[in-house]
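Report on the structure given below.
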Amino acid sequence: MKYLSLAETYQQLESTSKRLDKTTIVAQFLQKTKVEDLEITTLLLQGIVFPIWDSKRIGIADRLVLKAINISTGISLDDLEKLWKKTGDLGLVAEQTIATKKQATLFSSPLQVKKVFSNLQKLATIEGTGTVDSKLKIIAELLTSASHIEAKYITRTLLEDLRIGVGDGVIRDSFAYTYLPKLQELELGESNKEYLSLSKGKTLIVENKEELTKKRLDNYGFISINDPDKNKQRIIAREIYNYFLEQIDDAYSKCNDWSKVAAALAEKGLAGLQTISLTPGNPIKPMLFQKAKDIKDAFAMISKPAAFEYKYDGFRLQIHIYRGDIQLFTRGFENVTAQFPDVVKTVKEHITADYIILDGEAVGYDKKTNKYLPFQHVSQRIKRKFDIEKLAKEFPVELNLFDIMYYNGKSTIEFPFHERRALLNKIIEPKARAIVLSQIIVTDNEEEATKFYHKALDAGEEGIMGKNLDGIYKPGSRVGFGVKIKPVMESLDLVITGAEWGEGKRTSWLTSFTLACIDENGDFLEIGKVGTGFKELEGEGVTFQQMTELLKQLIISEKGKVARVKPKIVIEVNFEEIQVSPSYSSGFALRFPRVVRLREDRRVDEISDLRQIKEMFGTQ
Ligand code: AMP
């Protein structure tokens with residue numbers, strides 16, 4: 001496939017903000033994509049060249065791209081820089097400058113998607129001396145053979161900032177559009193016609209969803225609902241469509257790789273999704289928990305009897321063993337195996353398994369008092385690249401395990417919670433301040449659960465978790481099988497999208513930060529600014545200095561004191577109240593926001609979403 005075909009699709013996607021339009025555009029594109037190009041184009045549509053769980057990154061700095069544009073166009077760095085300042089987007093700089101010299105290379109052969117993909121992947125793997133030159137060569141090779149639109153999107157992909165608004169939701173829906181039979185009675189508003197035009201072939205007639213789930217669908221292009229009542233037809237069609245989406249989501253949550261899901265669907269349709277299963281070494285999204293108001297509410301949500309566990313204030317750690325090789329991942333898929341040699345050693349000594357996936361919380365403790373420490377103390381270990389052994393000694397962690405998702409060749413996520421816990425008990429040989437199972441009780445008694453809650457708080461824990469004894473492990477899901485109970489008002493995890501330079505003695509620091517939440521399309525919506533809670537001195541908490549260093553590298557454009565930054569840094573924020581506000585794109589603002597901490601363990605697509613904020617607004 002020509003890269004131009006993809007670039008034109010990007011352009012179409014960029015020109016609309018409507019989700020249904022985007023879905024149709026992606027579906028139409030996938031339909032003309034050959035199987036051999038499918039996996040790479042699926043990744044490129046998301047602006048990535050490795051699945052999101054893979055910690056390899058293109059990792060190219062703005063300056064290097066600027067230099068590559070300079071090499072491929074012959075335009076001086078000064079002039080390019082001016083244009084960059086003006087447009088605030090290196091993609092546009094590439095587009096405009098490449099366009100002007102295009103005639104000269106009119107006869108070069110068209111860029112192929114495969115070529116772009118492999119060059120971009122190469123960038124992530126080059127190491128050692130001469131790295132910068134080799135990288136420049138690889139980028140310049142692409143840019144010199146690119147047309148102006150191609151150059152724009154190659155540049156943005158290089159910088160991991162594609163800006164076409166294609167999130168997981170659009171990808172998932174477009175897969176249903178492309179690879180599954182179309183529901184004739186589904187109401188999709190304006191995009192009905194396009195949706196139905198994506199299929200050919202026979203129609204399967206069913207009465208309801210139950211009947212459909214028993215059928216093989218491979219030979220059908222359409223599904224129609226056999227019911228005289230038009231309204232009912234529509235409801236059942238929607239139910240079946242939602243079932244398709246759930247199946248796709250489920251498969252995705254087991255691999256976190258849309259390219260795998262696309263390949264499975266293209267090969268065998270809905271049945272193909274069954275071939276996707278958990279694989280140790282490939283991290284999954286951890287199961288999440290809803291908040292319960294109190295113990296009574298918790299029982300209502302997870303039924304009686306239920307398990308209650310301490311809620312530890314550490315960071316979520318997923319432990320994988322694949323053919324004896326141990327890998328550790330944060331909840332944001334960061335591979336932290338190198339950062340935690342102490343944990344690797346503990347796992348090696350205390351767990352015997354060739355293949356396993358475990359879920360737990362790594363909790364820091366004070367070596368002298370042996371007491372647990374708040375998350376901040378160990379958080380610095382997560383991204384650390386040097387002095388790792390020293391830090392491991394200074395800030396040791398205890399592994400508190402609470403779940404198992406895979407054991408020796410078999411996924412255990414379908415097992416009920418009580419069976420998974422029993423299996424954990426059997427496998428783990430506990431040792432205090434190294435590896436233990438979370439403190440747990442099983443009860444149907446509110447008083448007993450309340451006592452346990454207070455015991456947890458007295459011990460300095462954040463609260464307790466309640467778990468449905470029969471609940472399965474649903475990766476990435478917040479709905480259903482567990483709840484958290486904690487005393488403080490819930491905080492939000494938000495991403496920083498802008499910052500402002502300070503005044504007076506603070507002129508060299510960024511001191512005010514624009515915050516955004518995420519919506520269901522994966523777009524960031526602003527919800528306020530925070531400048532409180534940061535410290536001026538090292539060692540007290542998150543400092544302005546630290547924020548400035550982190551954000552300086554991410555600045556996209558600046559106007560006066562105000563900078564727009566790439567959305568990469570996630571912070572946890574407390575506040576007094578959520579208010580309706582026309583000033584921010586989310587429609588909400590935070591009253592008295594205050595930073596709590598940096599969330600190094602959280603990916604940007606995992607931050608608080610608009611739905612959650614609306615819910616919190618409704619209940620406050
Ligand atoms: P929150 O971050 O407030 O949404 O709470 C959920 C987090 O609590 C999980 O993601 C875990 O990192 C952490 N946690 C601590 N103890 C437990 C436990 N016993 N079971 C499950 N999660 C726990």
Inset, instruction - Once you have the Cα-Cα distance between LYS18 and SER585, take 0.36 nm times their residue separation minus that, and quote the gain in nm to one decimal. - result: 202.5 nm
Inset, instruction - Compute the Rg/Rh shape ratio of the stretch 203-283: radius of gyration over Kirkwood radius, all on alpha-carbon atoms. - result: 1.06
Inset, instruction - Would you mind classifying the chain by shape? Square roots of the alpha carbon gyration tensor eigenvalues, ordered a ≥ b ≥ c; an a/c under 1.5 is rounded, otherwise it is prolate if a/b is larger than b/c and oblate if not. - result: oblate
Inset, instruction - For the stretch 569-578, take each phi angle, set θ = phi - 60°, evaluate the Karplus expression 6.51 cos²θ - 1.76 cosθ + 1.60, and give the result in whole Hz per residue in order, putting x for glycine and proline. - result: 9, 9, 10, 8, 10, 9, 6, 8, 6, 9
Legend entry - Using θ = phi - 60° and Karplus 6.51 cos²θ - 1.76 cosθ + 1.60, couplings along the stretch 33-47 (whole Hz; Gly, Pro as x): 8, 6, 3, 5, 9, 4, 5, 6, 6, 4, 5, 4, 4, 8, x
Legend entry - Solvent exposure of the chain as accessible area per residue, Å², 1.4 Å probe: 46 Å²
Inset, instruction - Determine how large the accessible area of TRP258 is when every protein chain is in place; take a 1.4 Å probe and give Å² rounded to the nearest 10. - result: 0 Å²
Inset, instruction - With a 1.4 Å probe and all protein chains in place, put TYR406, TYR322 in order of accessible area, largest first. - result: TYR322, TYR406
Legend entry - Contour minus Cα-Cα distance for GLU615 and SER5 (0.36 nm per residue): 215.5 nm
Legend entry - the chain - percent of accessible surface contributed by carbon and sulfur, probe 1.4 Å: 50 percent
Legend entry - Check: the chain dipole with +1 on Lys, Arg Cβ and -1 on Asp, Glu Cβ, in debye: 1060 debye
Inset, instruction - Using the structure shown, select from LYS535/LYS568; LYS393/LYS568; LYS348/LYS390; LYS22/LYS214 the pairs with a Cα to Cα distance greater than 24 angstrom. - result: LYS393/LYS568; LYS22/LYS214
Inset, instruction - Please name whichever of GLY502, VAL596, ALA516 sits farthest to the positive end of the charge dipole of the stretch 492-618, dipole taken about the Cα centre and charges placed at Cβ: Lys and Arg +1, Asp and Glu -1. - result: GLY502
Inset, instruction - Would you rank ASP325, ASP227, ASP523 by solvent-accessible area, highest first, keeping every protein chain in place and using a 1.4 Å probe? - result: ASP325, ASP523, ASP227
Inset, instruction - Leaving ligands, DNA and RNA out of it, work out the accessible area of LYS85 with a 1.4 Å probe and give it in Å² to the nearest 10. - result: 150 Å²
Inset, instruction - Within the stretch 294-333, which residues have the backbone N less than 12 Å from the label spot 7 Å out from ILE388 along Cα→beta-carbon, could you tell me? - result: 327-328
Legend entry - Among VAL565, ASN119, LEU212 - extreme Cα towards positive end, dipole of the chain, charges at beta-carbon: ASN119
Legend entry - Approximate spin-label separation ASN335-ASP79, in nm, with each point projected 7 Å along Cα-to-Cβ: 4.3 nm
Legend entry - Shape call, the stretch 492-618: gyration tensor on alpha carbons, a/c limit 1.5: prolate
Inset, instruction - Return the subset of LYS304/LYS455; LYS215/LYS285; LYS135/LYS345; LYS56/LYS385; LYS67/LYS566; LYS291/LYS566 for which the Cα-Cα distance in this structure is over 25 Å, preserving the input order. - result: LYS215/LYS285; LYS135/LYS345; LYS291/LYS566
Legend entry - For TYR153, net neighbour charge (Lys/Arg +1, Asp/Glu -1) across residues whose Cβ lies under 12 Å away: -3
Legend entry - the chain - percent relative contact order, Cα under 8 Å, separation 6 or more: 12 percent
Inset, instruction - Scan around LYS311 for amide H atoms under 5 Å from its own, H built in the peptide plane at 1.01 Å from N, and keep only partners 5 or more places away or cross-chain. - result: GLU462, GLY463, ILE464, MET465
Legend entry - Residue (of TYR584, ILE527, MET547) at the positive-pole extreme of the stretch 485-586, dipole from beta-carbon charges: MET547
Legend entry - 13 Å beta-carbon shell around THR42, net charge (K/R +1, D/E -1): -2
Legend entry - Derived scalar couplings ³J(HN,Hα) [the stretch 358-375; Karplus, 6.51 cos²θ - 1.76 cosθ + 1.60; whole Hz; x for Gly, Pro]: 10, 10, x, 10, 8, 10, x, 9, 7, 4, 6, 8, 6, 8, 5, 10, x, 3
Inset, instruction - Could you tell me the accessible area of ARG316 in Å² (1.4 Å probe, neighbours in place), rounded to the nearest ten? - result: 30 Å²
Inset, instruction - Using only the Cα atoms of the stretch 288-485, build the gyration tensor, take square roots of its eigenvalues as a ≥ b ≥ c, and label the shape rounded, prolate or oblate: rounded if a/c is under 1.5, else prolate if a/b is larger than b/c, else oblate. - result: oblate
Legend entry - Solvent-accessible surface ranking, highest first, for PHE524, PHE544 at 1.4 angstrom: PHE524, PHE544
Legend entry - Theoretical FRET efficiency, 1/(1+(r/R0)^6), r = Cβ-Cβ of ASP523 and LYS431, R0 45 Å, to 0.05: 0.45
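The values are calculated or read from the model by the stated rules, or taken from the named source; none is laboratory data. Because the structure is predicted, anything quoted here is derived from the model rather than measured. When we count neighbours, we look across all protein chains shown, and the Cβ atoms used for this are built from the backbone with ideal geometry, even at glycine. For accessibility, only protein heavy atoms count, side chains too; no ligands or nucleic acids. Shrake-Rupley method; radii C 1.70, N 1.55, O 1.52, S 1.80 Å.
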